[in-house]
Amino acid sequence: MDLFEEFFQPLTLGKLELPNRLVMAPMTRSRAYGGLVDDLTAQYYAQRAQAGLIITEATQVSEIGQGYIQTPGLHSDEQIQAWRKVTDAVHAAGGAIVAQLVHCGRIGHPVLYAGGAVPVAPSPVGSGEVLFTPDGLLEHPVPREMTGDDIARTIADFADAARNAVQAGFDGVELHGANGFLLHQFLADGSNRRTDGYGGSIAGRIRFTLEVVEAVAAAVGPERVGLRLSPGITYNGIAESDTADLYRALVRALAPTPLAYLHVSETITRDVTWLIRQEWPGALLLCPHPTADSFPATPATGAAALREGAADAIALATMWLANPDLPARIRAGGPYNEADPGTFYGGDHRGYTDYPTLEDLA
Ligand SMILES: Cc1cc2nc3c(=O)[nH]c(=O)nc-3n(C[C@H](O)[C@H](O)[C@H](O)COP(=O)(O)O)c2cc1C
């Protein structure tokens with residue numbers, strides 16, 4: 001019998017038939033020089049094609065949606081062509097890949113935009129965080145409050161980027177509603193102080209996310225769309241005073257839409273995951289919270305979550321970063337390469353495409 005056999009059961013997500021339940025979680029690698037992925041990116045993702053599903057690094061839907069240096073976009077023809085190489089390489093290796101679409105909102109800085117614009121957000125509330133640049137750390141400015149026109153334009157940008165993703169050969173998209181970026185800034189009362197229909201009550205704060213989901217589902221089909229959430233996280237200066245009620249209302253409102261999946265990045269306890277599991281009729285991916293004895297999350301943490309029925313598939317990040325042949329290693333009972341945090345962001349092939357497989361080592 002396979003070790004961790006629960007990972008090696010097939011799973012249907014929308015129109016995708018995954019051969020296993022090991023998902024590669026989204027990871028920004030900051031090697032998209034000029035906003036473009038390249039042959040090295042294609043090699044990196046293709047090396048990890050044994051994953052049941054690969055979710056790409058966060059990819060901005062517009063110029064003003066960028067939040068970090070050297071991240072890729074999906075809003076120009078050149079970017080679509082560049083991503084085509086990646087999706088072709090992953091498919092040729094037998095894998096499936098969706099693009100994580102992000103608008104970073106207030107997690108932005110004028111130096112990232114050609115025109116030096118000020119980042120936009122639901123309300124003029126600063127993140128209190130900084131942007132890393134080769135010239136040092138720059139404080140995020142207080143963002144400009146989005147107008148009704150900005151909101152409509154941004155929803156259209158998400159739909160356009162999803163169409164671009166399909167044109168680039170992706171099997172679908174994951175909307176980034178987690179980790180304190182724009183969707184999350186609307187959800188959380190700490191960052192959303194609006195008094196119009198997109199703020200205030202929970203019904204108001206979930207409206208932007210629902211409208212983005214609806215527009216993207218209409219553009220490419222709901223079966224090609226996933227949504228990532230991170231209830232309770234405090235990353236990027238985010239603050240929610242009503243986590244359980246907020247996510248219950250959001251997931252209830254999403255439930256009639258047959259999305260490919262919801263993806264929970266767990267940061268606090270499993271309580272909110274269970275709440276979402278109960279409210280959500282579709283497939284649930286889980287990036288399990290690390291525990292004191294397992295940081296980052298390990299295959300054992302993930303298998304335990306599958307066994308107790310908390311999710312349908314497990315998304316791991318760091319383990320995939322360092323182990324391109326993760327399923328083979330899990331089957332073999334390890335050993336596992338250790339990730340080198342010094343090469344997580346930026347640089348070249350080192351710490352990117354040179355982690356050996358078990359076969360390489362043999
Ligand atoms: C290098 C790195 C980059 C990441 N970039 C993203 C990202 O672009 N989008 C996202 O939703 N999460 C991102 N994350 C968070 C991971 O998807 C995941 O939630 C987190 O690392 C916990 O999983 P783990 O314990 O398996 O590493 C990143 C994590 C790492 C380590």
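Just so you know, all these numbers are worked out from the coordinates, no wet-lab data involved. Computed from a prediction, not measured in an experiment: that's the story for all the values here. Cβ sites come from the backbone with ideal geometry, for glycine too, and all protein chains shown count toward neighbours.
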Residue among Val251, Val264 that is assigned to a helix (DSSP H, G or I), over 19 Å from Arg48 (Cβ atoms), in contact (Cβ under 8 Å) with a residue 12 or more places away in the chain and in contact with a strand residue (DSSP E or B) (Cβ under 8 Å, 6 or more places away or on another chain)
Val251
Looking for whichever is of a type in the set (A, V, I, L, M, F, W, C), under 20 Å from Met24 (Cα atoms) and more than 16 Å from the ligand (Cβ to nearest atom) here; the options are Ala92, Ala159. Which one fits?
Ala92
When both residues are 6+ apart or on different chains and their Cβ atoms are under 7 Å apart, which pairs have a first residue that lies in segment 192-207 and is within 16 Å of Arg252 (Cα to Cα), and a second that is surrounded by fewer than 13 Cβ atoms within 10 Å (Cβ to Cβ)?
Ile202/Asp245
Contacts under 7 angstrom Cβ, first residue in segment 322-342 being within 20 Å of Gly52 (Cβ to Cβ), partner surrounded by 20 or more Cβ atoms within 10 Å (Cβ to Cβ) and among the hydrophobic types (A, V, I, L, M, F, W, C), 6 or more apart
Leu326/Leu22; Leu326/Met319; Leu326/Trp320; Pro327/Leu22; Ile330/Phe4; Ile330/Phe7; Tyr336/Met319
Among Gly302, Gly342, Gly334, the single one that is surrounded by fewer than 17 Cβ atoms within 10 Å (Cβ to Cβ), within 16 Å of the ligand (Cβ to nearest atom) and part of a helix (DSSP H, G or I) is Gly342
Turns out the strands (runs of 3 or more DSSP E) fully within segment 10-99 with at least 2 residues that are within 16 Å of the chain's Cα centre (by Cα) and buried (at least 21 other Cβ atoms within 10 Å of the Cβ) are 22-24, 53-60
Could you check segment 158-214 and list, in sequence order, the residues that are under 13 Å from Ala99 (Cα atoms) and not in a helix (DSSP H, G or I)?
Ala168, Gly169, Phe170, Asp171, Gly172, Val173, Glu174, Leu175, His176
Kindly indicate which of Leu316, Leu262 is within 12 Å of the ligand (Cβ to nearest atom), buried (at least 18 other Cβ atoms within 10 Å of the Cβ) and within 22 Å of the chain's Cα centre (by Cα).
Leu316
